[in-house]
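A quick write-up on the structure given underneath.
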């Protein structure tokens with residue numbers, strides 16, 4: 001395995017990407033997930049969209065004043081097992097914070113709500129800090145700050 005941070009540039013032109021538009025998460029109980037994301041992360045329902053195939057729907061949530069959109073997906077045939085980051089696919093979701101002090105504010109908020117979370121982890125190279133909280137399905141939500 002190569003751990004290069006600057007792989008050789010391809011000779012083929014790669015079309016433009018401008019960032020993530022949204023993230024969709026399949027959840028076991030869409031109502032409890034929507035409540036959790038609203039109460040804990042301050043997100044609000046933007047709209048509900050039916051799936052084009054297979055039934056089900058997505059509750060699209062946003063954080064007002066930000067470009068952050070998150071889809072909570074209900075699939076009638078989902079296996080409803082608890083999330084496990086060791087399975088192939090999603091490992092965690094990282095949400096960017098503007099300031100290091102925001103992490104302390106999140107710790108205070110999560111503690112006030114009685115929401116279990118990990119400790120703030122500080123790293124020196126590069127300088128960053130983060131803490132992890134898990135949603136009702138066990139999906140790790142990392143609140144992440146990095147020095148710019």
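The values are calculated or read from the model by the stated rules, or taken from the named source; none is laboratory data. This one's a predicted model, so the numbers in the text were calculated from it and none came from an experiment. Counting neighbours? That spans all protein chains shown, and the Cβs are built from the backbone with ideal geometry, glycine included.
Do we find that residue 35 is exposed (fewer than 13 other Cβ atoms within 10 Å of the Cβ), at pLDDT 95 or above and closer than 21 Å to residue 139 by Cα in this structure?
Taking the combined requirement at face value, the residue satisfies it.
Being surrounded by 12 or more Cβ atoms within 10 Å (Cβ to Cβ), under 27 Å from residue 145 (Cβ atoms), touching a residue at least 24 places away in the same chain (Cβ under 8 Å) and not assigned by TED's automatic domain parsing to the domain that holds residue 131: is that true of residue 27 here? Outline the logic, then answer.
Values: surrounded by 12 or more Cβ atoms within 10 Å (Cβ to Cβ): yes; under 27 Å from residue 145 (Cβ atoms): yes; touching a residue at least 24 places away in the same chain (Cβ under 8 Å): yes; not assigned by TED's automatic domain parsing to the domain that holds residue 131: yes.
When the stated conditions are applied, residue 27 passes them.
If you go through segment 60-70 one residue at a time, do you hit one that is free of Cβ contacts under 8 Å to residues at least 40 places away in the same chain, touching a strand residue (DSSP E or B) at 6+ places or on another chain (Cβ under 6 Å), under 12 Å from residue 25 (Cβ atoms) and crowded, with 17+ Cβ neighbours inside 10 Å?
yes
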